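Please treat every number below as a calculation from the coordinates, not as lab data. Treat the numbers as computed from the prediction; the structure is a model and nothing was measured. Neighbour counts are summed over all protein chains in view; Cβ atoms, including those assigned to glycine, are modelled from backbone coordinates with ideal geometry.
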Amino acid sequence: MQIPFLSFNSQNALIRDQVLEAMQGVFDSKWYILGDYVKQFEREYAIFNDTASCIGVANGLDALQISLKVLGIGEGDEVIVPSNTYIATWLAVSYVGATLVPVEPNIATYNIDPAKIEAAITSRTKAIIPVHLYGQACEMDAIMAISKKHNLYVVEDNAQAQGALYNGRKTGSFGHANGTSFYPGKNLGALGDAGAITTNDEEISKKITSFRNYGSHKKYYNEVKGVNSRLDELQAAILSVKLPYLLEWTEQRKNLADHYNRCLADVHQLNTPVLTNGATHVYHIYMVRTTKRDELQQFLQRKGIGTVIHYPVPPHLQEAYKYLGYKKGDFPIAEDIANTCLSLPLWPGMTKEEVETVCSSIEEFFHD
């Protein structure tokens, strides 16, 4: 049995006719930039995410960068980021000229550890970027309490956790401005690059709406030096088709993850996902950890089972950030995760039998 890491077959078959109809609608509208389809999706996603506003942008990195820029964060400011994250989180801080201050994660949940944040705060700290990594909500109550105590902005990176909850509240609704990505592989994915910013602050929303469009609310009249980062009409139309299915697809992900947990419960050489109190997990990624990661990945590959390493090199050891002077051992928890993590196949439409095949192969590897 061939089991890919990710398959769109089930989702695409379900919505194919609706997506093609939506694409034709955009074509026939003869309005292709910031039109009715973008406005419709922005309204729908704001309602889904329990926020006052959603502003569509070109991609998830732009969503974070624009959020920081509009909040006035730049050169001379410090931004606290997780040491364990995809590099886009760090790039957004770099692009606005601010200084990165990495903080280690909780080794059980892989999300930034609130207990370590305050020690990293200085007089120059202006913001915290919690990343809801792999799909599990960060401990947002503690993070928001720290931000309030020290008068800091919070910009959530919600690219992997659309629909996740912390103490009953949606991720992407806590921070002052929050970025998400609709990259095709995300739980809610477009058919190309796309992203959005969610906020409950009307003034911030207005500034972002202008900034993403050359700093303009009215064409040819520019209030600030903005950027061109606009959610595409075509992608917005496709996302509006997919959004009503997101809760159903998320439940499928959770059920498959629960089945993985049951099937792997006796494989003691493997760490399976752990949920923190109050958090839900939407399983953008079902990630396990083992000191025999590379050997296990090769074994599964020979069995026809696809896996991915998210992420093999933590940001502080990337060549792009060599100039910061970090070395191996500076963030040992992030490095340990990078050296032991392996993401197993999981997607809407995957069967329990396929999960069982993956798990029996893992058991075979460890018991040989």
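Computed quantities for the displayed model
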quantity: Mean projection area, nm², convex hull over Cα of region 92-195; calculated: 6.9 nm²
quantity: Modelled FRET efficiency - R0 35 Å, residue 87 with residue 28, Cβ distances, 0.05 increments; calculated: 0.35
quantity: Cβ-based net charge around residue 26, under 12 Å, with every Lys or Arg adding one and every Asp or Glu removing one; calculated: -4
quantity: Proportion of all alpha-carbon pairs of the chain beyond 34 Å (%); calculated: 27 percent
quantity: Full-extension gain in nm, residue 261 to residue 2, via 0.36 nm per residue minus C-alpha separation; calculated: 91.1 nm
quantity: For region 202-254, convex hull volume per residue from C-alpha positions, Å³; calculated: 125 Å³
quantity: Formal net charge of residues neighbouring residue 93 (Cβ-Cβ distance under 15 Å; K, R +1; D, E -1); calculated: -3
quantity: Highest to lowest packing among 153-163, 263-273, 87-97, scored as the average C-beta count within 10 Å; calculated: 153-163, 87-97, 263-273
quantity: DSSP loop trypsin sites (Lys or Arg not before Pro) with at most 11 other Cβ within 10 Å: longest gap in the chain; calculated: 31-218
quantity: Backbone HN-Hα couplings from phi across region 191-204 [Karplus 6.51/-1.76/1.60, Hz, Gly and Pro as x]; calculated: 9, x, 6, 6, x, 7, 10, 10, 7, 9, 9, 4, 5, 4
quantity: Cβ charges +1 (Lys, Arg) and -1 (Asp, Glu), total dipole of region 8-243, debye; calculated: 340 debye
quantity: Given 39/186; 116/242; 148/218; 148/206, the pairs whose alpha carbons are separated by over 29 Å; calculated: 116/242; 148/218
quantity: Shape call, region 121-277: gyration tensor on alpha carbons, a/c limit 1.5; calculated: oblate
quantity: Within-13-Å neighbourhood charge of residue 52 [Cβ basis; K, R +1; D, E -1]; calculated: -2
quantity: Residue 122 paired with residue 363, simple spin-label distance in nm, labels 7 Å along Cα-to-beta-carbon; calculated: 5.3 nm
quantity: Cα principal axis extents for region 1-110, largest first, Å; calculated: 49, 46, 25
quantity: Convex hull per residue volume in Å³, alpha carbons only, for region 245-367; calculated: 142 Å³
